[in-house]
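Notes to accompany the following structure.
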Amino acid sequence: MIRSGVFASALACACILTVRATDPGTARYDAELQYQLATVLFNETRYAEAMEAYRRVSDSTADAGLARRAKKGRTRSALRIAEFTVAREEAAELRREAPQDHEALALDGDSLWAAGLFDEAEATYKDALAPSAGSSRARFGVARSLA
């Protein structure tokens with residue numbers, strides 16, 4: 001029996017190959033499909049492949065929201081496979097692009113923590129809690145700092 005995740009990956013790949021951007025109107029659709037493929041790869045714990053797919057999305061789309069989501073995915077993927085330099089660069093860029101986005105701030109905190117910058121990470125987690133006190137990721141980061 002084929003696992004549903006493998007089937008979803010195969011389906012997403014087939015869709016991407018079928019709907020290659022041939023005119024400007026389908027370019028966003030192609031980037032959205034690439035993002036969906038990256039998310040499937042991430043969910044299947046294929047982090048290196050997901051990281052590359054997220055990079056392709058952020059490099060190829062003009063949609064700022066989609067590019068930001070892809071950068072968040074790439075940061076998460078990089079953290080999972082100990083690509084701390086990549087995670088740090090992506091998270092810093094996210095923070096510059098969206099300084100009030102609590103999820104981007106929490107990811108920046110995670111990348112700082114992974115780089116061994118614990119005091120900076122704690123301050124960033126607290127910054128992430130300011131606009132959204134309910135951010136579980138930021139709360140976890142503060143708790144980890146206190147421990």
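The values are calculated or read from the model by the stated rules, or taken from the named source; none is laboratory data. This structure is a prediction, so every number in the text was calculated from the model and none was measured. Every residue, glycine among them, receives a Cβ derived from its backbone with ideal geometry; neighbour counts consider all protein chains shown. What goes into the accessible areas is simple: the full protein's heavy atoms, side chains included, and nothing from ligands, DNA or RNA. Shrake-Rupley method; radii C 1.70, N 1.55, O 1.52, S 1.80 Å.
Remarks
- Sole residue being within 17 Å of the chain's Cα centre (by Cα), of a type outside the set (S, T, N, Q) and more than 25 Å from Ala31 (Cβ to Cβ), chosen from Ala138, Ala70, Ala91: Ala138
- Identity of the residue in segment 98-109, acidic (Asp, Glu) and open to solvent by 10 Å² or more (accessible area, probe 1.4 Å), that ends up farthest from Arg144 (Cα to Cα): Asp101
- Residue in segment 41-63 that is outside any loop (DSSP other than H, G, I, E, B), touching a Leu at 6+ places or on another chain (Cβ under 6 Å) and surrounded by fewer than 19 Cβ atoms within 10 Å (Cβ to Cβ) present: yes
- Within segment 75-97, restricting attention to residues that are among the aliphatic types (A, V, I, L, M) and open to solvent by 10 Å² or more (accessible area, probe 1.4 Å), the residue that is nearest to Tyr47 (Cα to Cα) is Ile81.
- The set of residues in segment 76-119 that are touching a Pro at 6+ places or on another chain (Cβ under 8 Å) and either of a type in the set (Phe, Trp, Tyr) or touching a residue at least 40 places away in the same chain (Cβ under 8 Å) (or both) is empty.
- Flag if Glu103 is modelled with pLDDT under 95 and within 12 Å of the chain's Cα centre (by Cα): yes
- Top-ranked residue of segment 111-147 - restricted to ones that are among the charged types (D, E, K, R) and touching a helix residue (DSSP H, G or I) at 6+ places or on another chain (Cβ under 6 Å), ranked as surrounded by the fewest Cβ atoms within 10 Å (Cβ to Cβ): Glu120
- Every condition in (1) modelled with pLDDT under 50; (2) closer than 28 Å to Glu89 by Cβ; (3) not hydrophobic (A, V, I, L, M, F, W, C) holds for Thr18 except the one numbered (2).
- Filtered residues of segment 64-92 (kept if assigned to a helix (DSSP H, G or I), of a type in the set (A, V, I, L, M, F, W, C) and out of contact with any Phe, Trp or Tyr (no Cβ under 8 Å at 6 or more places or on another chain)): Ala64, Ala67, Leu79, Phe84, Val86, Ala87, Ala91, Ala92
- Residues (hydrophobic (A, V, I, L, M, F, W, C), under 10 Å from the mean Cα position of the chain (by Cα) and over 15 Å from Ala98 (Cα atoms)) located in segment 42-67: Phe42, Ala50, Met51
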